[in-house]
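The values are calculated or read from the model by the stated rules, or taken from the named source; none is laboratory data. Because the structure is a prediction, the values reported are computed rather than measured. Reconstructed Cβ throughout: ideal geometry from the backbone, glycine too, with neighbour counts over all protein chains shown.
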Amino acid sequence: MADDLSDRIAGHLKLPILADQFIDNPEDYLPEDFPSHDVTIAINVHSDLLLDVPVVAARAGSKALIVPVEDPDWIGGLD
């Protein structure tokens, strides 16, 4: 039986759906502070916001950032 590790989750943030929009100011959508944590997992985050996620996560003490490829067009050579 797997251990229940839910008590180790520092928190989660639900961002608005911003599909097909160009975002000039990502900081308007990301909080200034996250709870202190070791690893950030960014799932289904608008590509314009992803540029600021490492900065905000590092301020919270995150030492790793995991970003799954959600759109094959983000990375060339996956054809």
Item checked: Residue list for segment 14-50, restricted to those being hydrophobic (A, V, I, L, M, F, W, C) and at pLDDT 85 or above -> Phe22, Ile23, Leu30, Val39, Ile41, Ala42, Ile43, Val45, Leu49, Leu50
Note to self: Just to be sure before I move on: is Asp3 touching a Gly at 6+ places or on another chain (Cβ under 8 Å) and among the charged types (D, E, K, R) in the structure I sent?
What the structure shows: no
Next item on the list: Spot the failing condition for Val56; the list is (1) part of a loop (DSSP other than H, G, I, E, B); (2) among the β-branched types (Val, Ile, Thr); (3) touching a residue at least 12 places away in the same chain (Cβ under 8 Å), and only one is missed.
Entry: (1)
Check: In this structure, does Leu49 turn out to be surrounded by 11 or more Cβ atoms within 10 Å (Cβ to Cβ) and not in a helix (DSSP H, G or I)?
Finding: no
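Given the structure, is Val45 of a type in the set (Val, Ile, Thr) and either in contact with a Ser or Thr (Cβ under 9 Å, 6 or more places away or on another chain) or in contact (Cβ under 8 Å) with a residue 60 or more places away in the chain (or both)?
Values: of a type in the set (Val, Ile, Thr): yes; either in contact with a Ser or Thr (Cβ under 9 Å, 6 or more places away or on another chain) or in contact (Cβ under 8 Å) with a residue 60 or more places away in the chain (or both): no.
It is false that Val45 is of a type in the set (Val, Ile, Thr) and either in contact with a Ser or Thr (Cβ under 9 Å, 6 or more places away or on another chain) or in contact (Cβ under 8 Å) with a residue 60 or more places away in the chain (or both).
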Margin query: Checking Ile75 against (1) over 18 Å from Arg8 (Cα atoms); (2) β-branched (Val, Ile, Thr); (3) at pLDDT 85 or above, only one condition comes out false. Which one?
Written below: (3)
Note to self: Of everything in segment 57-69, what is in contact with a helix residue (DSSP H, G or I) (Cβ under 9 Å, 6 or more places away or on another chain) and modelled with pLDDT under 90? Give them in sequence order.
What the structure shows: Val67
